[in-house]
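The values are calculated or read from the model by the stated rules, or taken from the named source; none is laboratory data. Computed from a prediction, not measured in an experiment: that's the story for all the values here. A quick note on method: Cβ atoms are made from the backbone with ideal geometry, for glycine too, and the neighbour counts reach across all protein chains shown. We work out accessible area using only protein heavy atoms, side chains counted, and drop any ligands, DNA or RNA first. Shrake-Rupley method; radii C 1.70, N 1.55, O 1.52, S 1.80 Å.
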Amino acid sequence: MTICLLLLSVVALTAAVPAPRALTRADWPERDPVLALWVWQCLVATVLLCCLTALVLGAAAVFHTVRDHVFAPAPPAVTAAYDLSAAPVWAAVLTLLLACGAAWTTAMLGRELVEARRSRDQARAQLRERAPDLPAGLPAARGPMLVLEDEYPDTWWMPGHPPQLVVTTGALQRLTDHQLDAVLTHERGHARAHHDWLLHLSTALATGFPRVPLFTHFCDQTHRLVELAADDTASRRCGHLTTALALIELNQHRGVLSCASSRRLLGERVDRLLEPPPRLLRRQRALTTTVAALVPLLPLVITFAPGLTALS
């Protein structure tokens, strides 16, 4: 059991510190943001699985009740292979820390979901106030698109049940038909990929553990990569130039090409659309996808290896 805990700690530390730093320095995520999002999710899953399996093993070693429940269906040889009776003192301390971390993670996720639901309800209430009144006898608009009378050009996707795409009249006046189609495709790309859930997860982890490099980089890169992925969805249907012009038209009043840090991503997105980087080869994408999917299996292999060895 001690060796399992040490190996799980090594894997978790490797995935939490050097791996995200190396991934942020790489240039290939810009070429395939969807694949990069998958790799980030696999790294996060690896760390969480390491913590979860270490917590179960540590709790089984410290508490006899947990041990009886976890190893109840296992043969005696499997239980003996983990040597749970010889748990060191540091294993109990690690178990306590992991239990506190699990409780804190659950609290942060719950808080993020509650705040997201509250902000969504407030936004929908504001939309109902701003939406134009329909003539008497007509039902309220519940379609996939809502047009607001506003000179400020803007579009955004409102998640929920049902989800709605909000477009202002200023955006309709400023954009051509092809540019509007690109904007709508961009926002639908966010909705179909459920980017809002990914953003909530990354925000909750970064808020709860701000000193963990994996979670802070995961939050920053997720906000960036979801926009690049939606840009790619729009450009594949409407063209790179049309998507770039639509982005400029919607954001030029905000300083889309300025050097301010808050607007730098918009400029990078425009540059990337005007000069699209070459996509990864199919073989490279398949290899990266497979390796990333296998990494979260390491904690499970480490955890079940003693039991499987005893059975064999």
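Restricting attention to the stretch 257-276, which residues are among the aliphatic types (A, V, I, L, M) and either modelled with pLDDT under 90 or open to solvent by 80 Å² or more (accessible area, probe 1.4 Å) (or both)? Walk me through it before giving the result.
First, the residues of the stretch 257-276 that are among the aliphatic types (A, V, I, L, M): 257, 260, 265-266, 270, 273-274.
LEU257, ALA260, LEU265, LEU266, LEU274, listed by residue number.
Show the residue pairs meeting these rules: Cβ distance below 8 Å; 6+ apart or different chains; first residue within the stretch 181-204 and over 9 Å from ALA230 (Cβ atoms); second residue open to solvent by 40 Å² or more (accessible area, probe 1.4 Å) and of a type in the set (Phe, Trp, Tyr).
Matching pairs, first to second residue: ALA191/TRP157.
Open to solvent by less than 40 Å² (accessible area, probe 1.4 Å) and in a helix (DSSP H, G or I): is that true of ALA191 in this structure? Steps first, please.
On the way: open to solvent by less than 40 Å² (accessible area, probe 1.4 Å): yes; in a helix (DSSP H, G or I): yes.
Answer is yes for this residue.
Mind checking which residues of the stretch 69-86 are aliphatic (A, V, I, L, M), surrounded by fewer than 20 Cβ atoms within 10 Å (Cβ to Cβ) and within 11 Å of MET1 (Cα to Cα)? Give the steps one after another, and end with the answer.
Initially, the stretch 69-86 is screened for residues aliphatic (A, V, I, L, M), giving 70, 72, 74, 77-78, 80-81, 84, 86.
Remaining after also requiring surrounded by fewer than 20 Cβ atoms within 10 Å (Cβ to Cβ): 70, 72, 74, 77-78, 80-81, 86.
Those that are aliphatic (A, V, I, L, M), surrounded by fewer than 20 Cβ atoms within 10 Å (Cβ to Cβ) and within 11 Å of MET1 (Cα to Cα): ALA80, ALA81, ALA86.
Return yes when ALA103 is of a type in the set (A, V, I, L, M), more than 29 Å from THR289 (Cα to Cα) and open to solvent by less than 80 Å² (accessible area, probe 1.4 Å) and no when it is not. Walk me through how you get there before you give the answer.
On the way: of a type in the set (A, V, I, L, M): yes; more than 29 Å from THR289 (Cα to Cα): yes; open to solvent by less than 80 Å² (accessible area, probe 1.4 Å): yes.
The answer is yes for ALA103.
Name the single residue, out of those in the stretch 87-100 being among the hydrophobic types (A, V, I, L, M, F, W, C) and modelled with pLDDT of 90 or more, that is surrounded by the fewest Cβ atoms within 10 Å (Cβ to Cβ). Don't jump to the end; show me each part of the working.
Of all residues in the stretch 87-100, those among the hydrophobic types (A, V, I, L, M, F, W, C) come to 87, 89-94, 96-100.
Applying the additional criterion that residues be modelled with pLDDT of 90 or more yields 93-94, 96-100.
Values: VAL93: 12, LEU94: 21, LEU96: 14, LEU97: 14, LEU98: 21, ALA99: 14, CYS100: 10.
Within the stretch 87-100, the match that is surrounded by the fewest Cβ atoms within 10 Å (Cβ to Cβ) is CYS100.
Here is a list: VAL44, VAL62, VAL56, VAL66. Which entry is open to solvent by less than 70 Å² (accessible area, probe 1.4 Å), touching a helix residue (DSSP H, G or I) at 6+ places or on another chain (Cβ under 8 Å) and at pLDDT 95 or above?
Details: VAL62 fails: at pLDDT 95 or above; VAL56 fails: at pLDDT 95 or above; VAL66 fails: at pLDDT 95 or above.
The match here is VAL44.
Which members of the stretch 186-244 meet the condition of being closer than 15 Å to GLU30 by Cα, of a type in the set (D, E, K, R) and in contact with a Leu (Cβ under 8 Å, 6 or more places away or on another chain)?
ARG224, GLU227, ASP231
Does THR185 satisfy the condition of being open to solvent by less than 40 Å² (accessible area, probe 1.4 Å) and in a helix (DSSP H, G or I)?
When the stated conditions are applied, THR185 passes them.
All but one of (1) within 30 Å of PRO159 (Cβ to Cβ); (2) among the hydroxyl-bearing types (Ser, Thr, Tyr); (3) over 19 Å from the mean Cα position of the chain (by Cα) hold for SER85; state the number of the condition that does not hold.
It is condition (1) that SER85 fails.
I'm checking my understanding of the structure. Among residues of the stretch 176-206 that are of a type in the set (Ser, Thr, Tyr) and over 15 Å from the mean Cα position of the chain (by Cα), which one is farthest from TRP104 (Cα to Cα)?
THR176
When you check CYS51 against the structure, is it modelled with pLDDT of 95 or more and more than 18 Å from the chain's Cα centre (by Cα), yes or no? First the steps, then the outcome.
Details: modelled with pLDDT of 95 or more: yes; more than 18 Å from the chain's Cα centre (by Cα): yes.
Yes.
Pairs only if they're at least six apart or on different chains, beta carbon under 9 angstrom, first in the stretch 58-85 and over 20 Å from VAL301 (Cα atoms), second open to solvent by 40 Å² or more (accessible area, probe 1.4 Å); list them, first residue then second.
VAL62/ALA92; VAL62/LEU96; VAL66/VAL56
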